[in-house]
Structure formats: C-alpha cells, structure tokens
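Data block below; observations after.
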Amino acid sequence: MSSDSNQEFFEKYEKVRKEYSENPNSEKVASEYLKMLWSLALKQDDEQVLKDTADKASTVYQKHSESEKVATAYLRILHNLAKQQDDEQVLKAIADKASTVYQKHSELVEVATVYLWILYDLASKQYDEQGLKYIADKASTVYEKHSELERVSVSYLGILWRLSSKLDNEKSLKNIAD
C-alpha cells in the first residue's frame, strides 16, 4: 500500500474514531468504527497492537452487543488476533469470547463461519484429546445449526480434518469420521 493511501486510511480512521467518541450510543457509528478497526487489524502484524485493537473492539461490542453488524465485525477482529497467536491459552480465551458472540447471534451465517475459523485456529494449537473433543463439540453445534450452508460445512470439515491429523486413537478417529 502506498504511503498516500496509508495516510488516507489513517485520516479516515481518525475521523470515524472521533465520530464514535462523540456518538458512542449510535449503533451505525459504532458499526462504522468497528469496520475501521477491522481494516486496521488487517494491516497489523504486531501482536500487542492487534490485542489493543481487539480490546477497543470488545468495548464497542459490549455497548452494542445486540447489533449484528457490530457482532460480525468484532468476530472478524478476534479472528485476526487468533491467527497471530501461538499460545494455546490465549487462543482458548479468544475462542471463549467468540463463543459468547456466537451464542447471542447464532442465526447469522457470517458469525457462525467466523466462529468456526477461530475454532480452527484453536484446533491448530491443540494437542490433548480432551481439548480436541471440546473443539469438536463446539464446531459440531455450529454445523448442526447451519449444515445446509456450504461455507459452514467446509469450515467444519476443516476443523475435523485438523483434529483427525492430531489423533492416533482409533476410537477417536472413528468418532470424527462418523
């Protein structure tokens, strides 16, 4: 990205951030602010800066947790944070936050899909069978609700594949295959 387009982005970000600070009760403004935070998160590779962005998004989500747009943008930011993580406990905490959002907005396909992506990220760092079962159970619940949707099915299959690649117990592998 050129420095001019970077500067334009940060000017727009600052304008939206200021508008949100002046109108924190506006769902529309909150949604726009979270979209900007998500765009910002996509540009970040520093883990602490990304965590700070996710914390800002969390504050906005807490205030506007009923908003579908806010929930979706918040989950996308959590997904960006999850992709950067190597620590299993941090990933589990992110997945728990995502689970709370999913529980509130489980009917939304985008929320279900991004939640499964976060579970996939957690599965990539999980090695104990109990943890793998936890992830499989969470993913299964999402799949059962949205099994007719291809992108949910593909995400679910990705998690099952990831889990099966880490197991050597025949019974556990058969459960995943079923």
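The values are calculated or read from the model by the stated rules, or taken from the named source; none is laboratory data. As the structure is a prediction and not an experimental result, all values here were calculated from the model. Cβ coordinates were reconstructed from backbone atoms using ideal geometry, including for glycine residues, and neighbour counts include every protein chain displayed. When the accessible area is computed, the model is the full protein with side chains, heavy atoms only, and any ligands, DNA or RNA have been set aside. Shrake-Rupley method; radii C 1.70, N 1.55, O 1.52, S 1.80 Å.
Of all GluC sites (Glu not before Pro) in the stretch 69-155, which ones are in loop regions per DSSP and have a Cβ with at most 12 other Cβ atoms within 10 Å?
Within the stretch 69-155, the qualifying GluC sites (Glu not before Pro) (loop, at most 12 other Cβ atoms within 10 Å) are E107, E148.
Given that compact globular proteins tend to follow 2.2 N^0.38 Å, what is the ratio of the alpha-carbon Rg of the stretch 1-140 to that value?
That works out to 1.08 for the stretch 1-140.
Only four residue types carry charge here, +1 at the Cβ of Lys and Arg and -1 at the Cβ of Asp and Glu. Report the dipole size of the chain about the Cα centre in Debye, rounded to the nearest 20.
For the chain, the charge dipole is close to 200 debye.
Put D4, D137 in order of accessible area, largest first, 1.4 Å probe: what do you get?
Largest accessible area first, the list is D4, D137.
Hey, could you grab the Kirkwood Rh for the stretch 63-130? Inverse mean 1/r over distinct alpha carbon pairs, Å, one decimal.
11.9
How would W38, W117 line up by accessible area, probe 1.4 Å, largest first?
I get W117, W38, largest accessible area first.
Using a 10 Å cut-off on Cβ atoms, rank the peptides 71-77, 156-162 from the highest mean neighbour count down.
With the highest mean Cβ count within 10 Å placed first, the list reads 71-77, 156-162.
With helices defined as uninterrupted DSSP H runs, which ones in the chain have an alpha carbon span along their own long axis of at least 18 Å and mean Kyte-Doolittle hydropathy of at least 0.5?
Helices passing the filter in the chain: 109-123.
Evaluate the relative contact order of the stretch 47-178 (contact order divided by residue number), counting alpha-carbon pairs under 8 angstrom at least 6 apart; express in whole percent.
20
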